[in-house]
1. Anything in the stretch 99-154 that is among the hydroxyl-bearing types (Ser, Thr, Tyr), without any contact (Cβ under 8 Å) to a residue 40 or more places away in the chain and either in contact with a strand residue (DSSP E or B) (Cβ under 7 Å, 6 or more places away or on another chain) or part of a helix (DSSP H, G or I) (or both)? List them, or say none.
2. Taking helices (runs of 4 or more DSSP H) that fall entirely within the stretch 1-91, which contain at least 2 residues that are surrounded by 11 or more Cβ atoms within 10 Å (Cβ to Cβ) and at pLDDT below 75?
3. I'd like the full set of residues that are among the hydroxyl-bearing types (Ser, Thr, Tyr) and within 10 Å of residue 143 (Cα to Cα), limited to the stretch 80-100.
4. Only residues in the stretch 61-76 that are of a type in the set (Phe, Trp, Tyr) count as the first member; pair them with residues that are in a helix (DSSP H, G or I), Cβ under 9 angstrom, at least 6 apart or cross-chain, and list the lot.
Amino acid sequence: MNATNVISILAIGVSIIALSASTRIGMNQSRFSRRASYSTLLDAMSELRSVKFHDDQEYLCSTLPLKTKPYSGIGGLPKEARRAIYNVAYFYEQIAAMVKLGLLNQSAAMYILHHRITRLWKAIEPYVVKERSISGETHLLALLEEFNSIAVSFSVDSYTGIWRVTQAPHQVQHESTAAVPKPDHLR
């Protein structure tokens, strides 16, 4: 065996080692990125634990459309209504931005939030559209609007990610209750 063959074999060996190391690093980065996405989503979801956030969303979805017409957009709303829109709508727009930037997994965010987003957008859309025409700010809450269009077509059944609940807890029959026979008068 001459020196050229030895060097070629060594080069192939080093290449194989480099390729396997690179593959391993790539797999670890992918795993880390997925975990970071879920961690970011969990951090963002902490806002949903706030009673004030829930009250604001309920106000926007149930009370605002009945009490106030969208004639003067968001800027013309009473202070409490504007504050609620800024609190809730911009929270979801922030989630949409994180999805766009690749910081959050879109399917996971949709699985958790799609109903809330569609309900909110349906309630505030007339106010946003009017505000856009008044202010000339044509992209006002545009990420939220786009996120809503994704949410409308999202199918919970198609989601297979980590957040998927296969059976609602109230539908699970526990062993302790399954073995208890019904009394005769209830049969």
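The values are calculated or read from the model by the stated rules, or taken from the named source; none is laboratory data. Keep in mind that what you see is a predicted model, and the values were worked out from it rather than measured. As a convention, Cβ positions derive from the backbone with ideal geometry for all residues, glycine included, and neighbour counts pool all protein chains shown.
1. Within the stretch 99-154, 118, 149, 153 meet the criteria.
2. 3-45
3. 90, 92
4. Matching pairs, first to second residue: 71/130.
For every residue, the table says whether it meets (1) at pLDDT 95 or above; (2) over 20 Å from residue 46 (Cβ atoms); (3) buried (at least 21 other Cβ atoms within 10 Å of the Cβ).
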residue	(1), (2), (3)
100	no, yes, no
107	no, yes, no
112	no, no, no
133	yes, yes, no
136	yes, yes, no
142	yes, yes, no
149	yes, yes, no
